[in-house]
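Worksheet: one structure, shown below.
Here, each number is a calculation from the coordinates, and none is a lab measurement. All values reported here derive from a predicted model rather than from experimental measurement. As a convention, Cβ positions derive from the backbone with ideal geometry for all residues, glycine included, and neighbour counts pool all protein chains shown.
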Amino acid sequence: MRKKLPGLCTISLLPHCTPRRWQGVSTGSNSMLIPFSMKNCFQLLYILKVPTAGLKNTAKGGLILQSTSNNIYQNLAVEDWIHDHMNLEGKPILFLWRNSPTVVIGRHQNPWQECNINLMRERGIKLARRRSGGGTVYHDMGNINLTFFTTKTKYNRMENLKLVIRALKAVQPQLDVQATDRFDLLLEGQFKISGTASKIGRTAAYHHCTLLCNTDWISLSSVLKSPYQGIKSNATPSVPSLVKNLLENDDTLTCEVLMESIAAEYAAYHQTDSNIILINPTDETVFPGINKQAEELQTWEWIYGKTPKFSVNTSLNLLSEHSYSEMKIHVDVKNGRVEDCNIDAPDHWLPQEMLDKLRTRFVGSKFCQCEATVLINALLRTYPKDHELYSKWHLLCEKVKTIM
Amino acid sequence: MALRAARSVRAVTSSLWAAAGAETPGSLVSLAATPVRLRAHPGPCSSPFLAAAGSRGLCTSVLRLTVRKFTDKHEWISAENGIGTVGISNFAQEALGDIVYCSLPEFGTKLNKQDEFGALESVKAASELYSPLTEEVTEINVALAEDPGLVNKSCYEDGWLIKMTLSNRQNLMS
């Protein structure tokens, strides 16, 4: 959604800041020259709609960008790219984005502690790890993400949240919304509608936050509940909160209306053009190297492998047609892989040799149901003969998989 | 003699803060070229520099100064027996707020100067850590896994982050 202005023309700015003063433009009906500032070039090629009355350049006090993609990895890559490559001195940026159903964990979090990984896999809900800190959130198209890019010195989360509150009240003045000292936004003093996280780099910083307009809260509450027991970890934990959608309060508070209001408020505050520039996060001509960054964010090594060291200590019931027993299992996981594993099954339930074999196979493997399934199936093929033994072995392996 | 020592420490401290504004990334600021033996005034973060700089912190007993170099990103490195210890300054730990997690590299990681080697997550943000030197990691402070707040409480002593080889003395001097 962009503001449509009369007499639109399209200009394209070349990347890599070639020092051109004038850029030729063709509108089809009339041509005009738009003066192009030599200062503060961005390594960004974009299509900009400007009125022919002619703003001199796009980014007097800042930029407002909106992603055309709903892919979490591509959108997180945009954040990384802007943070790493753009000069934000005097030119802060607001980035608006939404994603298809995804759970996003903080940089130092443990996904096994935070969400139901297997349920998400069944439902096709993605899992992503962002580079900023903070807790776990659920994204879908009913949630708006806002990223405020500034220099390190201008980093100010409360200022950004006050801006959002003003934007919300511009649409609905009666709305009871406040920022807390944890930088959450609360509706009616109790329902969280926004959570915040940030990253500070060498010279730049970003603060991003969510905004719940019309999220599927049933899906949210089911996937943000971890079924995994016995995890001991020093990963940063989430603080669970009661949430509510803004749309439940007032059906005029749709994502589209709110994004427009926030953009207008941002433009007013930073005295910048309120046009929202649409960007395609996969366009290498605009963002050189961005696809590689997006790929890195999707790797197992980043999503799971960056989990701080943790251990699992739990008991599993072994109920078979012949018997009922309990086994204790202890697993140490480092960089997402099994560092050590101890299975304590009842005496003579299974030959120790089989348990040792399972243990040896697991050590070094990914702490992952899929990988465990492959290993277990390979092992099961070596024990086909004795039915009772086979079914106990099969049961044990299935139970072990449930902790992953 | 204590007063003369205090004056030289103040002079050194003001040159530190002046140099901290330097634009060249990764430039190291050397402190205490003249060996001044003073005993640290106790405080939440025992920075001898800040204790000496504030007149109320100064006591008549003797303060110990460690030779320590600072980058303009507020990381410090101190050298002893061919090993460099790296941490963040008091200014940095105060700016970050309460640290809740320290992400540090593995033993043996080879770092280049200004490489990102980890991150500190605080209530404020996730902040990246940059290597002050091109060297290999020999040790990481495992105490920070259980108590990341050590960086706030004792940024120059118990809250150190990593240790590196100092294979090339020129590295430290540049």
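With a cut-off of at most 13 other beta carbons within 10 Å, and DSSP calling the residue loop, which GluC sites (Glu not before Pro) in the stretch A:184-285 qualify? Please list them. Those that pass, being in a loop and sparsely packed, are A:E188, A:E284.
Among A:I329, B:I83, A:I72, which comes first, second and so on when ranked by fewest other beta-carbon atoms within 10 Å?
Details: A:I329 19, B:I83 14, A:I72 25.
Final ranking by Cβ density, sparse to dense: B:I83, A:I329, A:I72.
At an R0 of 51 angstrom, the distance between the Cβ atoms of B:E146 and A:Y390 translates into a FRET efficiency of 0.70.
The distance linking the stretch A:158-176 with the stretch A:338-363 is 58 Å (Cα centroid to Cα centroid, whole angstrom).
Just counting partner chain Cβ atoms within 10 Å, what average do the residues of peptide B:120-131 show around their Cβ? If you average over the peptide's residues, the count of other-chain Cβ atoms is 6.
Between A:T285 and A:Q190, the simple label model (points 7 Å from Cα in the Cβ direction) yields a spacing of 5.5 nm. With contacts taken as Cα pairs under 8 Å and at least 6 residues apart, the stretch A:82-135 reaches a relative contact order of 41 percent. Across the stretch A:362-404, the residues whose backbone nitrogen lies under 15 Å from the label position 7 Å along the beta-carbon direction of A:D356 are A:362.
Applying both filters, DSSP loop and at most 14 other Cβ atoms within 10 Å, to the GluC sites (Glu not before Pro) of the stretch B:68-140 gives B:E106.
The trypsin sites (Lys or Arg not before Pro) of the stretch A:355-389 that meet both conditions, a loop assignment by DSSP and at most 10 other Cβ atoms within 10 Å of the site Cβ, are A:R381, A:K385.
Legend: mean number of C-beta atoms from other chains within 10 angstrom of residue C-beta atoms, peptide A:142-153, equals 0. For the pair A:K292 and A:H348, a Förster radius of 51 Å applied to the C-beta separation gives a FRET efficiency near 0.40, rounded to the nearest 0.05.
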